[in-house]
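All remarks here apply to the structure that follows.
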Amino acid sequence: MAQTLLAIKYQDQQLEILDQLRLPHESVYVKIQTAQDGFDAIRSMTVRGAPAIAIVAALSLAVELAQTELGSAEAERALILQRLAFLVESRPTAVNLANAARALGAVVEAAPADAAAIRAAYTAAAERMLADDVADNRSIGDNGLAWARATLGADRFGVLTICNTGSLATAGYGTALGIIRSLHTAGVLDHAYALETRPYNQGSRLTAYELVYEKIPATLVTDSMASVLLKTHPEIKMVVVGADRVAANGDTTNKIGTYQLAITARYHGVKFVVAAPTTSIDFDTPDGSSIVIEHRKPHELVTLRGPVVRDDGSLDVDDVRTVHVAAPGIDVWNPAFDIAPAELIDAIVTEKGVAVKDADGRFHLDRL
Ligand code: MRU
């Protein structure tokens, strides 16, 4: 299998991230040197995807600490906790960041009262998150493959996905796209379909880029084609999506468009599967009703950015422009996420195993 793309490069307390605003036409890494850089990269979506956001936030602070003079133990602890609280404010919906900040905060609280020891404990824990995420995603791929084989039989089948949940959204391999990778490697995948994922086009820009890069047979469709695609392509047996936050009852917040996919999958008798590490589970939130959904700026919906197409059809990647694609002055509603109710979800695949509902129709995520 081809080497998967690297969204996050980290070595010797140096951090670089692949600028996802410039993909797929340019591959440029940008340096992250402080927690403020991390915050800005997350808010601007230079890095995006729930697990990747959490890891970049954690490592941005590790890098900042490496360049900061040590003070007292008390000052070190206060600095780390203050910066973590700041980073959590960058984007509200994905819970991985809040879960990571809570776990790192606990490490700092538990460290001996010595500034160097506190810093070392923080850095080691942040670095472990990077390594753990890749390992967890590979397990999600294995678990998803095993579940699909057991549930859908031995025949090859097609899969539909939304947004970008691959190497670019995580520390590597991916969640929903990781399962698609595992199905492909095992010879079970017939074909992958990727939704464009308006308005930000994570599907056409990023997932399509990963699928082409890894030579996985795939087709891009617009979001409005999902229902007719399932109706006309009965070989598609599974819709697999990522998650930004899974409530304790299984209600799943994910990229806008996921809810309608869950409805149409149920109508067409297609399995609807969520792929997420347990760091995306929010046990403090009983169900989806109280989850804060991020609303993004109108310009993300009414503008498109990309290279100019020359008269002969080739792309001029040195001439990247923004164009406006709506009537000037029109009001815009731009929620970035929606919530697929647990009722419409057949399985939640995590690194610890696959949660399915009991006879009463309830998930028990705490038993994973
Ligand atoms: O707004 P984004 O691009 O950060 O949204 C990302 C998604 O919705 C993904 O599907 C989700 O984070 C899972 S990433 C493995």
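Scalar couplings 3J(HN,Hα) for the range 332-340, obtained by applying the Karplus form with A = 6.51, B = -1.76, C = 1.60 to θ = phi - 60°, are 10, 10, 9, x, 7, 9, 9, 10, 8 Hz; x denotes Gly and Pro. Over what distance in Å are the Cα centres of the range 311-339 and the range 79-138 separated? Here the answer is 36 Å between Cα centres.
In the context of the full set of protein chains, residues of the range 8-133 present 41 Å² of accessible surface per residue (probe radius 1.4 Å, heavy atoms only).
Remark: the ASP360-ASP284 segment gains 25.2 nm on full extension, using 0.36 nm per residue and subtracting the alpha carbon distance.
The calculated FRET efficiency for the pair ARG321 and ALA131, based on their C-beta separation and a Förster distance of 35 Å, comes to about 0.30. Of the residues VAL159, VAL88, ranked by 1.4 Å probe accessible area with the largest first, the sequence reads VAL88, VAL159. In order along the range 217-224, the phi-based Karplus estimate (6.51 cos²θ - 1.76 cosθ + 1.60, θ = phi - 60°) of 3J(HN,Hα) comes to x, 7, 9, 9, 10, 7, 4, 6 Hz; Gly and Pro are listed as x.
The stretch between GLN67 and THR219, if pulled fully straight at 0.36 nm per residue, gains 50.1 nm over its current Cα-Cα span. Sorting ASP331, ASP251 by accessible area puts them as ASP331, ASP251; the probe is 1.4 Å, largest comes first, and only protein heavy atoms count. Annotation: extensible slack from ARG43 through GLU294 equals 89.3 nm (criterion: 0.36 nm per residue apart, minus Cα-Cα distance). Taking the accessible area of the chain, probe 1.4 Å, and keeping the other protein chains in place, the carbon and sulfur fraction comes to 53%.
Surface exposure of the range 146-207, expressed per residue as accessible area with a 1.4 Å probe, stands at 25 Å². Near the amide H of PHE337, within less than 5 Å, lie the amide hydrogens of ILE256, GLU294, all on another chain or at least 5 residues away, with H placed in the peptide plane.
In order along the range 43-49, the phi-based Karplus estimate (6.51 cos²θ - 1.76 cosθ + 1.60, θ = phi - 60°) of 3J(HN,Hα) comes to 5, 7, 6, 4, 10, 8, x Hz; Gly and Pro are listed as x. Relative to a virtual label point 7 Å from the Cα of GLU74 in the Cα→beta-carbon direction, which members of the range 105-146 show backbone nitrogen distances below 14 Å? The answer is 113-115. Close Lys pairs in the chain, defined as Cα atoms under 17 Å apart and 8 or more places apart or on different chains, number 5. Within the shell of other residues whose beta carbon sits under 10 angstrom from the beta carbon of ALA62, the net charge comes to -1, with Lys and Arg scored +1 and Asp and Glu -1.
The values are calculated or read from the model by the stated rules, or taken from the named source; none is laboratory data. Keep in mind the model is a prediction, meaning the values are calculated, not measured. Please note: Cβ atoms are built from the backbone with ideal geometry, for glycine as well, and neighbour counts cover all protein chains shown. All accessible areas refer to the heavy atoms of the entire protein, side chains included, with ligands and DNA or RNA removed. Shrake-Rupley method; radii C 1.70, N 1.55, O 1.52, S 1.80 Å.
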